[in-house]
1. Condition first: part of a helix (DSSP H, G or I) and within 21 Å of the chain's Cα centre (by Cα). Can you find one or more residues in the range B:238-254 that meet it?
2. Can you pull out the residues in the range B:169-179 that are open to solvent by less than 80 Å² (accessible area, probe 1.4 Å) and either assigned to a strand (DSSP E or B) or touching a strand residue (DSSP E or B) at 6+ places or on another chain (Cβ under 9 Å) (or both)?
3. Sort through C:LYS170, C:LYS150 and tell me the only one that's more than 30 Å from B:GLY238 (Cβ to Cβ), touching a residue at least 24 places away in the same chain (Cβ under 8 Å) and among the charged types (D, E, K, R).
4. Hey, could you check the range B:191-222 for residues that are surrounded by fewer than 18 Cβ atoms within 10 Å (Cβ to Cβ) and of a type in the set (Ser, Thr, Tyr) and say which is nearest to B:CYS58 (Cα to Cα)?
5. Quick check on my filter: what residues within the range C:203-260 are of a type in the set (D, E, K, R) and in contact with a Leu (Cβ under 9 Å, 6 or more places away or on another chain)?
6. Filter the range C:54-74 down to the residues that are under 15 Å from C:ILE37 (Cα atoms) and of a type in the set (Asp, Glu) and list them by number.
7. If A:LYS124 satisfies every condition in (1) within 13 Å of chain C (Cβ to nearest Cβ); (2) of a type outside the set (Phe, Trp, Tyr); (3) open to solvent by 50 Å² or more (accessible area, probe 1.4 Å); (4) in contact with a helix residue (DSSP H, G or I) (Cβ under 6 Å, 6 or more places away or on another chain) but one, which is the exception?
8. Of all residues in the range C:103-121 being under 16 Å from the mean Cα position of the chain (by Cα) and part of a loop (DSSP other than H, G, I, E, B), which is surrounded by the fewest Cβ atoms within 10 Å (Cβ to Cβ)?
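The values are calculated or read from the model by the stated rules, or taken from the named source; none is laboratory data. Remember, it's a predicted structure, so these values are computed and weren't measured experimentally. Cβ placement follows ideal geometry from the backbone for every residue including glycine, while neighbour counts extend to all protein chains displayed. With ligands, DNA and RNA removed, areas are computed over all heavy atoms of the protein, side chains included. Shrake-Rupley method; radii C 1.70, N 1.55, O 1.52, S 1.80 Å.
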Amino acid sequence: MPSDSRVVTLITDFGANESYVAAIKGVILSINPKVQIIDISHSVSSYDIKEGAFILSCVYKYFPAETIHIAIVDPGVGGYRRALAVKTRNFYFLGPDNGILSYAIKKEKVQKIIALANNKYFMKEISSTFHGRDIFAPVAAHISNGMDIKKMGKEINKINEIAFPEINIKKSGKVTLIQGKIIYKDSFGNLVSNISKEELLKITKNKTVQVFIGKHLIGNIKRSYYEAEKGEALAVWGSYNYLEISVREGSAFKRFGKPNILVKTN
Amino acid sequence: MPSDSRVVTLITDFGANESYVAAIKGVILSINPKVQIIDISHSVSSYDIKEGAFILSCVYKYFPAETIHIAIVDPGVGGYRRALAVKTRNFYFLGPDNGILSYAIKKEKVQKIIALANNKYFMKEISSTFHGRDIFAPVAAHISNGMDIKKMGKEINKINEIAFPEINIKKSGKVTLIQGKIIYKDSFGNLVSNISKEELLKITKNKTVQVFIGKHLIGNIKRSYYEAEKGEALAVWGSYNYLEISVREGSAFKRFGKPNILVKTN
Amino acid sequence: MPSDSRVVTLITDFGANESYVAAIKGVILSINPKVQIIDISHSVSSYDIKEGAFILSCVYKYFPAETIHIAIVDPGVGGYRRALAVKTRNFYFLGPDNGILSYAIKKEKVQKIIALANNKYFMKEISSTFHGRDIFAPVAAHISNGMDIKKMGKEINKINEIAFPEINIKKSGKVTLIQGKIIYKDSFGNLVSNISKEELLKITKNKTVQVFIGKHLIGNIKRSYYEAEKGEALAVWGSYNYLEISVREGSAFKRFGKPNILVKTN
């Protein structure tokens, strides 16, 4: 792929519009001025590796083949954690080895994992507080120029993983209870749970269910916000195919907070 | 125009930096990796179609010819509202048929309106909650690649409109009273009204006037912020040629809230 | 350099995602649709010229040679302040002549300063409130197309400067006291001071010191966040080589506010 069609994405906890993000972009463009840099999010909650890992795992696949995804939520920067470059069949992933890449990589065919070590591909001066600018940015730019990641460090076999919050399944007679958690709240106040469509349909076989948020009965899963009245709460498959509690043209978070979610088969 | 010079803009109520915006960009770049994607705003108040329509109508014309503007404030997503692609003499506009495009389109020469229906130009799986990613993003990318919108659906004659808040004109002897509303507050706290320069000058013929915000007399319309003292309130033609109440190096919103605005001729 | 490899950056106090920023981008792309536009920050505190100047001075150098940096914090817009285009050995800088460019330009070799005056390179209609869109945007785009700034106005010798807050040095026996100020707070709550690494090392010769924030003793300067425990406060060289007070995985601003900082040699 010609180097002027390459895309680099960024997901960090740096805060919207912080100049730190700009420094990363400047470094990348200094090495490859034709790359496209797209912000996925810089409003990951400070130091929240799981939230960053979740957002990355939802969004990465919508990008063109060979996109280079950089994910930096990195409380251990300057310590002993490794810096990774992972090549999968379709993408590259760069980030600290603290689990932030692990949800996404689990869904991909991994081809090569490199612990970055060759400072020929880093900035000349490496700070101990900002590897996004000094290591990940130049590495991404060199990859976008066609450089093989094998030259950039030592090949390793596996990365550190963080557990995806699991759902809890109980049987009680003919009824099955599926208990999950709210793992993300978007800016509309929609409550996104860890119950994926794929997993739930295996259990319920698409039969009607009853969804509860905390102690509130919400009802069966609707097909769209449109099936609820204005101000009515509903359960719906969200944009990334996780079960979501919403309030039509309102905020589910304001109404319910973030209690557990429960799905009950009939 | 070569496809690598095309611009796509986005205006949504998704919240700054939400990953939803990134998914839209990823889909567009997967189809045309050379397009430039520019965020107009993602901080439109949730579900506020009028605010989105107003911002779009102020900004769209500053972009290059053939720019593709996507506007998504879409509480009816998944329901029966149509999805539109509108070609005007200078631009393309994509969005739900709920009025969000109507202020801008009123100012343009419309050449063709298509109700999008041909799923060959959509994502393979279409969610019922996120047509920005599944319909408008791929359609925009195909247009940027030179595809004719005629192939993408059914031609229709008109779109749904929402009324632009009208100003109120009263005569009382030789005095004319023009009453308007604050329709937008920017991040400086400037209060932007619905009284356009064009319309007011027709009435006042550029004579001095008295501007009131709520019960506060502000005075005549100044030529720039610079003509007021620091901390002084003033009336001025804002950046999009609507009458605006400002406080020099301060916030008019904090001082006055958002009451009605009144212009009185002498 | 071919015009499709040129980068334009933006730093303003317009607020994240405001449509004003989009209007600037639209104007630039209308003149040069191939330029890359990168946001450095739009969340400079309203009217705070010093904060804008500081951020620009920290970040500009990470961008490719010939990048065009636009900096707009411009309370005097529409008044008598000049509009500048400055060419240094490596970059272009555009902004009002109110000091916002001065910290960055002090670090660069200045080659030419132009007071912009030739309206052939401006928008046809120039508002008195929005020179970002009407003057700086088209000028940046014409520069990116290779136009010589000499044609754009009158050459002048010097720009207006604002003083960088100076540190205060006192001797008391063998002990040296270096007093500084917190001049920036990032979104993690890190407190960035005006004490630069270069300046402090000249005084301390890299010996251990004691750093105080307000009356709180923090200790010697650590090499990275990682050397502190979770929740512990530390002094560290920040990402732009200014002395910084941080709390590991926490917010120093929440704990200490923004009092003065003091470094004491042993």
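1. Yes; the residues of the range B:238-254 include at least one that is part of a helix (DSSP H, G or I) and within 21 Å of the chain's Cα centre (by Cα).
2. Scanning the range B:169-179 gives B:SER172, B:VAL175, B:THR176, B:LEU177, B:ILE178, B:GLN179.
3. Testing whether each residue is more than 30 Å from B:GLY238 (Cβ to Cβ), touching a residue at least 24 places away in the same chain (Cβ under 8 Å) and among the charged types (D, E, K, R) leaves just C:LYS150.
4. Applying the filter and picking the extreme gives B:SER196.
5. C:LYS222, C:GLU227, C:GLU244, C:ARG248, C:LYS258
6. Within the range C:54-74, C:GLU66 is the sole residue that qualifies.
7. Of the numbered conditions (1) within 13 Å of chain C (Cβ to nearest Cβ); (2) of a type outside the set (Phe, Trp, Tyr); (3) open to solvent by 50 Å² or more (accessible area, probe 1.4 Å); (4) in contact with a helix residue (DSSP H, G or I) (Cβ under 6 Å, 6 or more places away or on another chain), the odd one out for A:LYS124 is (4).
8. Within the range C:103-121, the match that is surrounded by the fewest Cβ atoms within 10 Å (Cβ to Cβ) is C:LYS107.
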